[in-house]
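**Student:** Got a structure here, written out as structure tokens. Questions coming.
The values are calculated or read from the model by the stated rules, or taken from the named source; none is laboratory data. What you see is a predicted model, and the numbers here were worked out from it, not measured in a lab. Please note: Cβ atoms are built from the backbone with ideal geometry, for glycine as well, and neighbour counts cover all protein chains shown. Side chains are part of the model used for accessible areas, which takes the heavy atoms of the whole protein and leaves out ligands, DNA and RNA. Shrake-Rupley method; radii C 1.70, N 1.55, O 1.52, S 1.80 Å.
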Amino acid sequence: MSRVVIIGGGIVGLSVARAALKVGKEVVLLEQGPVGNPNGASYDNHRMIRYHYGAAEGYTRMVTDAFVAWDRIWNDLGETHHDTTGAISIGLAEDDYAGMTLASFRNNRIAHEILDAAEIAELCPHLKVPRSAWGLLSRVGGPLYASRIVDGLARWTRDHGAEIRANTNVASVDLDAATATLDNGQTIKGDHLVVAAGAWLPSLLPDLYADLTTYRQALCYVEPPAQFAESWRTAPSIVTIGDGVGYTLPDLRGAGLKFGAGSHRRLAAPSAGFSSDIAEADYIISQFAPYLHDADSYRPLRMKVGYYVMDATRKFRLDSHGPSLVVTNCDGQMFKFGPLLGEAIVKMFEGRLSAQALRLWAAGDAAIAPKAAVNA
């Protein structure tokens with residue numbers, strides 16, 4: 001029986017663990033904190049899955065396969081941690097994010113509806129948009145309940161034989177030998193090794209990855225005015241408004257209404273800490289305020305701080321090093337593709353998918369996802 005060693009207990013690490021167990025491999029997963037780790041990028045009330053990806057058509061195409069992979073997860077877990085609210089991008093100019101996404105939808109025959117400002121107001125009565133605004137609506141998409149998924153995958157992998165070592169610090173990694181050395185000097189060797197350490201990768205493998213750019217992102221959970229609480233729950237999740245305003249996820253299953261603003265992203269490493277303050281919350285709400293009715297009545301409830309790696313390409317990066325694979329450049333977008341990616345990585349380890357095909361597909365550069373990556 002071959003052995004897969006995994007560093008990182010977020011959505012990628014756990015998805016690889018699940019896929020490896022399902023084909024009979026031994027699994028050892030090492031996580032520096034608890035599994036799930038409240039400081040990990042994968043651990044929050046919800047994340048969004050949607051077809052909207054601007055001009056990044058490769059990722060739009062991958063979403064269909066991602067939904068199929070999630071169905072396999074729900075079958076294993078015995079419960080579905082996802083709600084279909086639909087998703088909408090609101091365009092303020094012809095060439096903004098919604099416009100680029102519309103071209104991608106048409107090229108890839110993604111079902112969609114185009115709404116005018118009056119139709120947006122009917123669907124989302126809490127929003128106040130210019131008369132010239134338009135909406136690109138997909139009835140498919142919505143929140144993935146991230147923390148519940150991570151907790152469920154952790155239980156499933158333990159129950160199916162994975163050795164999960166929480167609160168375990170890895171001091172060094174030998175990629176060519178597929179070996180992790182712990183702080184106490186113990187070595188953990190596998191036939192294959194996956195490093196899915198997120199924003200901690202530069203400090204874990206500084207010789208290879210010290211130049212990676214890590215970002216801090218703060219998200220705000222808000223209390224809307226009482227008259228709009230229900231419309232926020234029933235309206236589509238917002239992918240973006242124009243190019244400058246971020247996304248929203250609804251208060252379903254007690255998850256809370258969440259606002260995220262891309263303009264709030266800051267260069268920083270996890271060593272900067274995970275605390276936040278009211279000024280950050282006020283800034284995030286202020287980005288949405290021009291498009292909200294009764295904007296002054298929105299109140300911040302709490303903040304969620306996370307870190308991730310991103311570069312100018314905004315493409316996932318999978319680097320092969322002999323028997324090892326490093327997953328990075330996740331750009332805060334990896335969660336929705338986690339199960340699909342985990343299955344593809346294990347197929348590469350089995351020789352059913354080449355490292356080059358996996359790399360191109362994960363970067364969104366392959367015209368068609370390799371069948372081996374989606375037929376688990």
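**Student:** Pull up the cross-link candidates among the aspartates and glutamates for Lys128, meaning alpha carbon to alpha carbon under 16 Å and not fewer than 8 places away within one chain.
**Tutor:** Asp116, Glu119, Asp294, Asp296
**Student:** So what are the chain's ellipsoid semi-axes, whole angstrom, largest first, if each one is the square root of 5 times an eigenvalue of the alpha-carbon gyration tensor? Intermediate results must be reported in sequence, preceding the final value.
**Tutor:** Details: eigenvalues 252, 100, 68 Å².
For the chain, the ellipsoid semi-axes come out as 35, 22, 18 Å.
**Student:** For the chain, what is the calculated [θ] at 222 nm in deg cm²/dmol (nearest 500), taking -39500 (n - 2.57) for each run of four or more DSSP H residues and dividing by its residue count? Numbers along the way, then the final one.
**Tutor:** Numbers: 12 runs with 115 residues, N = 376.
Per the formula, -9000 deg cm²/dmol.
**Student:** Moving on. Lys315: which lysines have alpha carbons under 22 Å from its alpha carbon, excluding same-chain residues fewer than 8 sequence positions away?
**Tutor:** Reachable lysines: Lys336, Lys347, Lys371.
**Student:** Okay, next question. Once you place label points 7 Å from the Cα toward the Cβ at Ala210 and Arg155, how far apart are they in nm?
**Tutor:** Using points 7 Å along Cα→Cβ, the separation is 4.4 nm.
**Student:** On to the next question. Hey, any idea what % of segment 135-294's accessible area is carbon plus sulfur with a 1.4 Å probe?
**Tutor:** Carbon-and-sulfur percentage of accessible area, whole number: 49.
**Student:** By how many degrees, 0 to 90 and rounded to 10, does the Cα axis of helix 146-159 deviate from the longest principal axis of the chain?
**Tutor:** Tilt relative to the chain: about 20 degrees.
**Student:** Turning to a different aspect of this structure: Within the set of other residues whose C-beta is less than 14 Å from the C-beta of Gly306, count the net charge using Lys and Arg as +1 and Asp and Glu as -1.
**Tutor:** Its environment carries a net charge of +4.
**Student:** Right, here's the next one. Go ahead and run the numbers for FRET between Val68 and Asn184, Cβ-Cβ distance against an R0 of 45 Å, rounding to 0.05.
**Tutor:** According to the calculation, E is roughly 0.60.
**Student:** Now for a separate question. Which residues make up the longest stretch of the chain that has no GluC sites (Glu not before Pro) in a DSSP loop with at most 16 other Cβ atoms within 10 Å?
**Tutor:** Answer - 95-349.
**Student:** Moving on. Quick check: the angle from helix 97-108's long axis to the longest principal axis of the chain, C-alpha only, nearest 10 degrees?
**Tutor:** 60
**Student:** Angle check, please: helix 278-288 long axis (alpha carbons) against the longest principal axis of the chain (alpha carbons), in degrees 0 to 90, nearest 10.
**Tutor:** So the helix axis and the longest Cα principal axis differ by about 60 degrees.
**Student:** Excluding residues fewer than 8 places away in the same chain, name every one of the aspartates and glutamates whose C-alpha is closer than 12 Å to that of Lys25.
**Tutor:** Leaving aside aspartates and glutamates fewer than 8 places away in the same chain, those within reach of Lys25 are Glu163, Asp191, Glu350.
**Student:** Could you report the accessible area of Lys128 in Å², rounded to 10, computed with a 1.4 Å probe on the protein chains as they sit in the structure?
**Tutor:** 100
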